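J.: Below you will find the structure I want to go over with you.
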């Protein structure tokens, strides 16, 4: 697919990164100073390794609607949305009101409350899966999903997609980002651990397959189908930019797995209630056996959820597999989730996301075409990303070959242009974002595209 | 504990009393019992966590205030459950309410660090004497990170854990939590038993189990696993078998032994941290481990978790060679509540109050135990305590195996029917008190206990 891409000069990219980094530093004296104090009590000065940014960690101060202010008082249009959590926008009055009401009535009992049931009913309606349980994060939700797959089948092996991220539990901390030199062939990847401190044994309970590759799954099942408990994947990959499943892929997975007595789990931590009311399950029309949710469901409160069919959730419902946690279903997260699901993320919101998608993704695509940038835009509703690569991206390895430095520079242009974006992860816009705000991001991208191509 | 004459408890009598008390309880919970049927249609088993449904039936809660909670039938209770020990600040504490209302108006989540972080971090440094901290969302996540950090630092895979302790829901430590006495094997070589189906045996093979309060067995394990053991995780005071205190010298002995073998020591202070003392077990027992895991009480009622460690251990994290990450880690709502809880509510003075309440509970229950010559004793510190139904001291999990759960279940029913919410699964769980509990609240617990003691001893 040759659109006559221009050659990008790496030396020019390097010079622009230095220039943009210097511009950014001038705006962040307080964040830069505060990082020193924070480093006295917090490892690296942050609560989470992803909060450390190159060249400078930016400390948040407050948010309102589509806007975010940092410690230095810089105002941003927020297309980061806390890694895709704040689809309701910041400080939504309905969320603040629900929190205000609940905190006066107690935030935690470790006993069931009515809101838990209401939230479960709302999720059952959206995802077409009848039975739910709650957790405190996406990591916990996917971890429990795997345990349920194993407990329900009495088998140990889990099939996982290369480049798909499922949180920080030991059982899944493999091959979400790999050095392709160490990860086996493109068709038959091997499990590579992503962090020190996870024993190899955990990786041996996984089988890694490329995304969008049914024959690879078929091979695993043909070889050792009687040992496979199930497969977990992000139905739309969102850890390596956004990569869409090809027509028939998800339905094909479900059929293949079921034929071998194994189950299919969707990790919808990123897609759930963001790209559609019923997430990728609704979007694809393929209902898996299990869905793991987190992020956007809680309106900014820590939350996780697992939904499943009666067949697969039986082990939990009948107590065979205790599924537990002190904070599971805590009343404050449930109160926030209830208002998010019943009053804010209503059907019209998703229509609006669909209408705004072409403004942002389409605007950036036009800029890419106009400038002849070797890049691809992939988007779904309020989520999207740019892969800096001329060829289409079907799986992790295609994305891994993209130009990181260009991506970093594009991100710096957004920051300096007053748009807060995740470095590397997909953008997210919320119910509060306007067309003009999305155009600001398009304008920043155009400035970046012009600078690197002239 | 001095040797004293105790009565033999008549279990038939206890069965009859259970039947009687269950009969009294059922009519009070008609709404809860009915609501479970609705809940079961969308929530697996009708509850968000398996522990929320304990015999005789799940009880659905409406609200809480101070030391009290109300269920959906409108029953009012003094709350000594406190959400499995999380609500040491009491329910709906005005300072927490204020902090959360304010933060909700400023935004609930950014996935970027905010200014409350250093206040929380500094308080934890002050309390636990470890210099650096990171945050997560639950005790499960905190102990998961601790296990990984020990393995990464030592470059070894094997972990040592105590028989009968719970360290969260993840695959690396969910072994021999409440192991079946029929399957546990010899004391000098306990079998590592998965606590739930769905955990591969290969993961169990990386965990060695030892009894609590026994340095000789740790030494044996270290010898057998020479060069293979990354570290040990321990609840410094066991709180999953009632309360078991460490023998003098035990914790320091562990640290010395492990370090001598190039292995690390982690305290799981999810239950003891900021509850038994201002600086948890680190302060109470005077031993600072390499890693401390926290959750529950430090969040003031929001999902929370924290891990503290030495600079040496955190160096790869600081330098970015090793990610410790999660979208909600350091969430602004959790940090706001945590800041208020640690700096404004759970001050040093608060622990004087908690200890005074503990004295009332311990002396009151102790007096009833003596009066009725029950085979039982009280153990606890600060906000945590338990009556342990054994004539001889329980020093490790195996000592608790013989305690009949019917006794602890009946104790729970007695309190429940008399307006006190004790934590369910009472053989394992402790009572928890809050800064909003009064001495009068404690006396009410004691009165109910006396009535129970009289009933079972007669």
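J.: Going by the structure shown, is residue B:285 facing another protein chain (nearest Cβ under 8 Å), closer than 26 Å to residue B:158 by Cβ, in contact with a helix residue (DSSP H, G or I) (Cβ under 6 Å, 6 or more places away or on another chain) and surrounded by 21 or more Cβ atoms within 10 Å (Cβ to Cβ)?
T.: Numbers: facing another protein chain (nearest Cβ under 8 Å): no; closer than 26 Å to residue B:158 by Cβ: yes; in contact with a helix residue (DSSP H, G or I) (Cβ under 6 Å, 6 or more places away or on another chain): yes; surrounded by 21 or more Cβ atoms within 10 Å (Cβ to Cβ): yes.
Against the criterion (facing another protein chain (nearest Cβ under 8 Å), closer than 26 Å to residue B:158 by Cβ, in contact with a helix residue (DSSP H, G or I) (Cβ under 6 Å, 6 or more places away or on another chain) and surrounded by 21 or more Cβ atoms within 10 Å (Cβ to Cβ)), residue B:285 does not qualify.
J.: Now a separate question. Conditions first: (1) buried (at least 24 other Cβ atoms within 10 Å of the Cβ); (2) part of a helix (DSSP H, G or I); (3) within 22 Å of the chain's Cα centre (by Cα). Residue A:126 passes all but one, so which condition is the exception?
T.: (1)
J.: For segment B:131-156, what are the residues that are more than 7 Å from chain A (Cβ to nearest Cβ) and either buried (at least 24 other Cβ atoms within 10 Å of the Cβ) or within 11 Å of residue B:293 (Cβ to Cβ) (or both)? If you could, list the steps in order and put the result at the bottom.
T.: Just the residues of segment B:131-156 that are more than 7 Å from chain A (Cβ to nearest Cβ), to begin with: B:131, B:136, B:142-143, B:145-147, B:150, B:153-156.
Listed by number, the residues that qualify are B:136, B:142, B:143, B:145, B:146, B:147, B:150, B:153.
J.: So residue A:279 passes all but one of these: (1) away from every other protein chain (no Cβ under 11 Å); (2) under 19 Å from residue A:432 (Cα atoms). Which condition number does it fail?
T.: Checking residue A:279 against (1) away from every other protein chain (no Cβ under 11 Å); (2) under 19 Å from residue A:432 (Cα atoms), the one that fails is (2).
J.: Still on this structure: Is it the case, given these coordinates, that residue B:120 is in contact with a helix residue (DSSP H, G or I) (Cβ under 8 Å, 6 or more places away or on another chain) and within 21 Å of residue A:34 (Cα to Cα)? Explain how you work it out, then say what you get.
T.: Working: in contact with a helix residue (DSSP H, G or I) (Cβ under 8 Å, 6 or more places away or on another chain): yes; within 21 Å of residue A:34 (Cα to Cα): yes.
Here the answer is yes, as residue B:120 does meet what is asked.
J.: Restrict the check to segment B:306-321 and report whether at least one residue is in contact with a strand residue (DSSP E or B) (Cβ under 9 Å, 6 or more places away or on another chain), facing chain A (nearest Cβ under 8 Å) and more than 17 Å from residue B:128 (Cα to Cα).
T.: Filtering segment B:306-321 for residues in contact with a strand residue (DSSP E or B) (Cβ under 9 Å, 6 or more places away or on another chain) gives B:306-311, B:313-314, B:317-318.
From the residues that got through so far, the ones that are facing chain A (nearest Cβ under 8 Å) too are B:309, B:314, B:317-318.
Adding the requirement that they be more than 17 Å from residue B:128 (Cα to Cα) leaves B:317-318.
Yes, segment B:306-321 contains a residue that is in contact with a strand residue (DSSP E or B) (Cβ under 9 Å, 6 or more places away or on another chain), facing chain A (nearest Cβ under 8 Å) and more than 17 Å from residue B:128 (Cα to Cα).
J.: Something else now. Please state which one of B:395, B:373 is under 19 Å from the mean Cα position of the chain (by Cα) and over 22 Å from residue A:109 (Cα atoms). Explain how you work it out, then say what you get.
T.: On the way: B:373 fails: under 19 Å from the mean Cα position of the chain (by Cα).
Testing whether each residue is under 19 Å from the mean Cα position of the chain (by Cα) and over 22 Å from residue A:109 (Cα atoms) leaves just B:395.
J.: If I filter segment A:110-122 down to residues being buried (at least 24 other Cβ atoms within 10 Å of the Cβ) and in a helix (DSSP H, G or I), which single residue comes out as farthest from the chain's Cα centre (by Cα)?
T.: Here the residue is A:117.
J.: OK, next. If you scan segment A:145-165, which residues turn out to be buried (at least 24 other Cβ atoms within 10 Å of the Cβ), touching a strand residue (DSSP E or B) at 6+ places or on another chain (Cβ under 6 Å), in a helix (DSSP H, G or I) and more than 7 Å from chain B (Cβ to nearest Cβ)?
T.: Residues satisfying the conditions are A:145, A:146, A:149.
J.: Which numbered condition in (1) over 29 Å from residue A:89 (Cα atoms); (2) surrounded by 17 or more Cβ atoms within 10 Å (Cβ to Cβ); (3) facing chain A (nearest Cβ under 7 Å) is the only one that residue B:53 fails?
T.: (3)
J.: Run residue B:339 past the list (1) crowded, with 19+ Cβ neighbours inside 10 Å; (2) over 30 Å from residue B:213 (Cα atoms); (3) more than 23 Å from the chain's Cα centre (by Cα) and report the number of the one that doesn't hold.
T.: (3)
Yes or no, residue by residue, for (1) within 27 Å of the chain's Cα centre (by Cα); (2) modelled with pLDDT of 95 or more; (3) at the interface with chain B (Cβ under 10 Å from one of its Cβ atoms):
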| site | (1), (2), (3) |
| --- | --- |
| A:14 | no, yes, no |
| A:21 | yes, yes, no |
| A:27 | no, yes, no |
| A:84 | yes, yes, yes |
| A:93 | yes, yes, yes |
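J.: If a residue must be more than 9 Å from chain B (Cβ to nearest Cβ) and either within 23 Å of residue A:405 (Cβ to Cβ) or surrounded by 24 or more Cβ atoms within 10 Å (Cβ to Cβ) (or both), how many such residues does segment A:33-55 contain?
T.: First pass over segment A:33-55, keeping only residues more than 9 Å from chain B (Cβ to nearest Cβ): A:33, A:36, A:54-55.
Okay, now just the ones that are also either within 23 Å of residue A:405 (Cβ to Cβ) or surrounded by 24 or more Cβ atoms within 10 Å (Cβ to Cβ) (or both), so A:54-55.
Adding up the residues that qualify gives 2.
Yes or no, residue by residue, for (1) in a loop (DSSP other than H, G, I, E, B); (2) surrounded by 19 or more Cβ atoms within 10 Å (Cβ to Cβ); (3) touching a strand residue (DSSP E or B) at 6+ places or on another chain (Cβ under 6 Å):
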residue	(1), (2), (3)
A:327	yes, yes, no
A:334	no, yes, no
A:337	no, yes, no
A:340	no, yes, no
A:352	no, no, no
A:357	no, yes, yes
A:361	no, yes, yes
A:364	no, yes, yes
A:367	no, yes, no
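J.: Looking at segment B:93-104, which of the residues that are surrounded by fewer than 19 Cβ atoms within 10 Å (Cβ to Cβ) and without any contact (Cβ under 8 Å) to a residue 40 or more places away in the chain is nearest to the other protein chains (Cβ to nearest Cβ)? Full working, then the answer.
T.: Residues of segment B:93-104 that are surrounded by fewer than 19 Cβ atoms within 10 Å (Cβ to Cβ), as a first pass: B:94-95, B:98, B:101-102.
Subsequent filtering for residues that are without any contact (Cβ under 8 Å) to a residue 40 or more places away in the chain retains B:94, B:101.
Numbers: B:94: 9, B:101: 5 Å.
Restricting to residues being surrounded by fewer than 19 Cβ atoms within 10 Å (Cβ to Cβ) and without any contact (Cβ under 8 Å) to a residue 40 or more places away in the chain, the top hit is B:101.
J.: While we're here: For the list (1) within 7 Å of chain B (Cβ to nearest Cβ); (2) buried (at least 24 other Cβ atoms within 10 Å of the Cβ); (3) part of a helix (DSSP H, G or I); (4) touching a helix residue (DSSP H, G or I) at 6+ places or on another chain (Cβ under 6 Å), I need the number of the one condition that residue A:139 fails.
T.: In the conditions (1) within 7 Å of chain B (Cβ to nearest Cβ); (2) buried (at least 24 other Cβ atoms within 10 Å of the Cβ); (3) part of a helix (DSSP H, G or I); (4) touching a helix residue (DSSP H, G or I) at 6+ places or on another chain (Cβ under 6 Å), residue A:139 misses (4) alone.
J.: Quick one: how many residues across segment A:38-56 are more than 20 Å from the chain's Cα centre (by Cα), at negative phi and not in a loop (DSSP other than H, G, I, E, B)?
T.: 3
J.: While we're here: Go through segment A:107-119 and report how many residues are facing another protein chain (nearest Cβ under 7 Å), in contact (Cβ under 8 Å) with a residue 60 or more places away in the chain and under 19 Å from residue B:34 (Cβ atoms). Can you show your working first?
T.: Restricting attention to segment A:107-119, the residues satisfying the condition of being facing another protein chain (nearest Cβ under 7 Å) are A:107-114, A:116-117.
Cutting the leftovers down to in contact (Cβ under 8 Å) with a residue 60 or more places away in the chain gives us A:107-110, A:112-113, A:116.
Applying the additional criterion that residues be under 19 Å from residue B:34 (Cβ atoms) yields A:112-113, A:116.
The qualifying residues number 3.
J.: Report, by residue number, each residue of segment A:193-237 that is part of a loop (DSSP other than H, G, I, E, B) and touching a strand residue (DSSP E or B) at 6+ places or on another chain (Cβ under 7 Å). Break it down stepwise before answering.
T.: Quick first cut of segment A:193-237, residues part of a loop (DSSP other than H, G, I, E, B) only: A:194-199, A:205, A:210-213, A:234-236.
If the condition is that a residue be part of a loop (DSSP other than H, G, I, E, B) and touching a strand residue (DSSP E or B) at 6+ places or on another chain (Cβ under 7 Å), then A:194, A:205, A:210, A:211, A:234, A:235, A:236 are the ones that fit.
J.: Please work out if residue A:336 is more than 8 Å from every other protein chain (Cβ to nearest Cβ) and modelled with pLDDT of 95 or more.
T.: Details: more than 8 Å from every other protein chain (Cβ to nearest Cβ): no; modelled with pLDDT of 95 or more: yes.
When the stated conditions are applied, residue A:336 does not pass them.
J.: Here is a further query. Going through segment A:95-106 one residue at a time, which ones are surrounded by 24 or more Cβ atoms within 10 Å (Cβ to Cβ), out of contact with any strand residue (DSSP E or B) (no Cβ under 8 Å at 6 or more places or on another chain) and within 7 Å of another protein chain (Cβ to nearest Cβ)? Outline the logic, then answer.
T.: From segment A:95-106, those surrounded by 24 or more Cβ atoms within 10 Å (Cβ to Cβ) are A:95, A:98-99, A:102-103, A:106; that's our starting set.
With out of contact with any strand residue (DSSP E or B) (no Cβ under 8 Å at 6 or more places or on another chain) added as a condition, the list becomes A:95, A:98-99, A:102-103.
Those that are surrounded by 24 or more Cβ atoms within 10 Å (Cβ to Cβ), out of contact with any strand residue (DSSP E or B) (no Cβ under 8 Å at 6 or more places or on another chain) and within 7 Å of another protein chain (Cβ to nearest Cβ): A:95, A:99, A:103.
J.: Do we have any residue at all in segment A:56-68 that's surrounded by fewer than 23 Cβ atoms within 10 Å (Cβ to Cβ), closer than 30 Å to residue B:310 by Cα and out of contact with any strand residue (DSSP E or B) (no Cβ under 8 Å at 6 or more places or on another chain)? Please lay out each step first, then the result.
T.: Initial filter on segment A:56-68 (surrounded by fewer than 23 Cβ atoms within 10 Å (Cβ to Cβ)): A:56-57, A:61-62, A:64-67.
Filter again for closer than 30 Å to residue B:310 by Cα, leaving A:56-57, A:61.
Add one more test, that the residue is out of contact with any strand residue (DSSP E or B) (no Cβ under 8 Å at 6 or more places or on another chain), and what stays is A:56-57.
Looking through segment A:56-68, at least one residue is surrounded by fewer than 23 Cβ atoms within 10 Å (Cβ to Cβ), closer than 30 Å to residue B:310 by Cα and out of contact with any strand residue (DSSP E or B) (no Cβ under 8 Å at 6 or more places or on another chain).
J.: Looking at (1) over 23 Å from the mean Cα position of the chain (by Cα); (2) buried (at least 21 other Cβ atoms within 10 Å of the Cβ); (3) under 23 Å from residue A:292 (Cα atoms); (4) within 11 Å of chain B (Cβ to nearest Cβ), which is the only condition residue A:227 fails?
T.: For residue A:227, the exception is condition (2).
J.: Is it true that some residue in segment B:359-366 is modelled with pLDDT of 95 or more, assigned to a helix (DSSP H, G or I) and buried (at least 24 other Cβ atoms within 10 Å of the Cβ)?
T.: So in segment B:359-366, the residues modelled with pLDDT of 95 or more come out as B:359-366.
When the remaining residues are screened for being assigned to a helix (DSSP H, G or I), the result is B:359-366.
From the residues that got through so far, the ones that are buried (at least 24 other Cβ atoms within 10 Å of the Cβ) too are B:361, B:365.
So far as segment B:359-366 goes, yes, one or more of its residues are modelled with pLDDT of 95 or more, assigned to a helix (DSSP H, G or I) and buried (at least 24 other Cβ atoms within 10 Å of the Cβ).
J.: I'd like the full set of residues that are part of a loop (DSSP other than H, G, I, E, B), touching a helix residue (DSSP H, G or I) at 6+ places or on another chain (Cβ under 6 Å) and either surrounded by fewer than 21 Cβ atoms within 10 Å (Cβ to Cβ) or away from chain A (no Cβ under 14 Å) (or both), limited to segment B:193-218.
T.: Our first condition is that a residue be part of a loop (DSSP other than H, G, I, E, B); within segment B:193-218, this holds for B:193, B:195-200, B:205-206, B:211-214.
Then drop every residue that is not touching a helix residue (DSSP H, G or I) at 6+ places or on another chain (Cβ under 6 Å), which leaves B:197-198, B:211, B:213.
Scanning segment B:193-218 gives B:197, B:211, B:213.
The values are calculated or read from the model by the stated rules, or taken from the named source; none is laboratory data. From a predicted model like this one, the values you see are computed outputs, not experimental measurements. A quick note on method: Cβ atoms are made from the backbone with ideal geometry, for glycine too, and the neighbour counts reach across all protein chains shown.
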